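To keep things clear, I will list the structure first and then write my remarks on it.
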Amino acid sequence: MNLLIMGRPGAGKGTQAEYIKEYYKVLHISTGDMFRKAIADGTKLGLEAKSYMDKGALVPDSVTIGVVRERLSCADVKEQGFLLDGFPRTLEQAEALTEILKDNNLKLDAVLDVNVDVDVITKRMVGRRVCKECKKTYNIVFDKSIKDKCPSCGGDLYQRTDDNEETVVNRLNVYEKQTAPVLNYYAKQNILKTVNGDQSVDKVFSDIKSVLGE
Ligand code: ADP
Ligand code: AMP
């Protein structure tokens, strides 16, 4: 199965991706995670990506498309299937993805749109904490038991530098202008499946299973 997961920043894509990859045994490929790893590793790509990410802007298409092309051309993608998270974010990226899939003899089965209103998003994002080790995501606003260690693996939790209110506003504006039109690109292909993301994590996942087929 080859899937995309879309939705506003903070809609719960990464959270649902953890469940989807376990259940459907697909690779979780997140461009945001790839850029954050490049930053942590101090690579040239990381240095370039950081300057855009810190402002809540998109990393240029020319850079991002290259990163995704390289990853989707690896043998494990064809063997296992994938869930792409955070890409495409522009129409140019969507068109490039169509080409990349064609070149690698791959086909998209479905595009999930996790829909959450803007007013819910800010609270989710400023409360987000991520595990440095296993990358699992938590929320200190909604779950008061979360402190500074990951309940799953014991790793240190951190707040993403782009999860402050000012950057979140920029990221939401970028989403409306540049990413929302991509949904229409997939609606026209009849593969867009919208789920209500403003429900419990378990209920969102159960709706995802319903639209994908168990
Ligand atoms: P995205 O990957 O779309 O940016 P995340 O999965 O990181 O979003 O979720 C953003 C924040 O919202 C995290 O703190 C996460 O724990 C929380 N969250 C995710 N899904 C839900 C949900 N269904 N209800 C409440 N909070 C959620
Ligand atoms: P995310 O983890 O998906 O919220 O992405 C964090 C940040 O990484 C975004 O705000 C962008 O700066 C950058 N980024 C991730 N994916 C892309 C993409 N497909 N195109 C451009 N920038 C991206």
Using the Kirkwood formula over every pair of different C-alpha atoms, what hydrodynamic radius in Å results for the chain? 17.7 Å
Accessible area of R89, 1.4 Å probe, to the nearest 10 Å²? 80 Å²
Nearest-0.05 FRET efficiency for E165 and E95 at R0 = 22 Å, using Cβ-Cβ distance, is 0.10
Among the lysines, which have Cα under 29 Å from the Cα of K147 when same-chain residues fewer than 8 positions away are ignored? K13, K21, K37, K50, K55, K123, K132, K135, K136, K203
Region 21-96: spread of alpha-carbon positions along the three principal axes, whole Å, largest first, is 34, 28, 20
Given H placed on each backbone N at 1.01 Å, which residues far from A110 in sequence or on other chains put an amide H within less than 5 Å of it? N2, L4
Karplus-derived HN-Hα couplings along region 181-197 (A = 6.51, B = -1.76, C = 1.60, θ = phi - 60°), whole Hz, x at Gly and Pro: x, 5, 4, 5, 4, 7, 4, 5, 8, 6, 10, 7, 10, 9, 10, 7, x
Please work out the C-alpha center-to-center distance from region 21-88 to region 153-167 and express it in whole Å. 18 Å
Convex hull (Cα only) mean projected area of region 76-163, reported in nm² to one decimal: 7.9 nm²
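The values are calculated or read from the model by the stated rules, or taken from the named source; none is laboratory data. Computed from a predicted model, the values in this text were never measured in an experiment. We place every Cβ from the backbone using ideal geometry, glycine too, and count neighbours over all the protein chains shown. Protein only, heavy atoms only, side chains kept; ligands, DNA and RNA dropped before computing areas. Shrake-Rupley method; radii C 1.70, N 1.55, O 1.52, S 1.80 Å.
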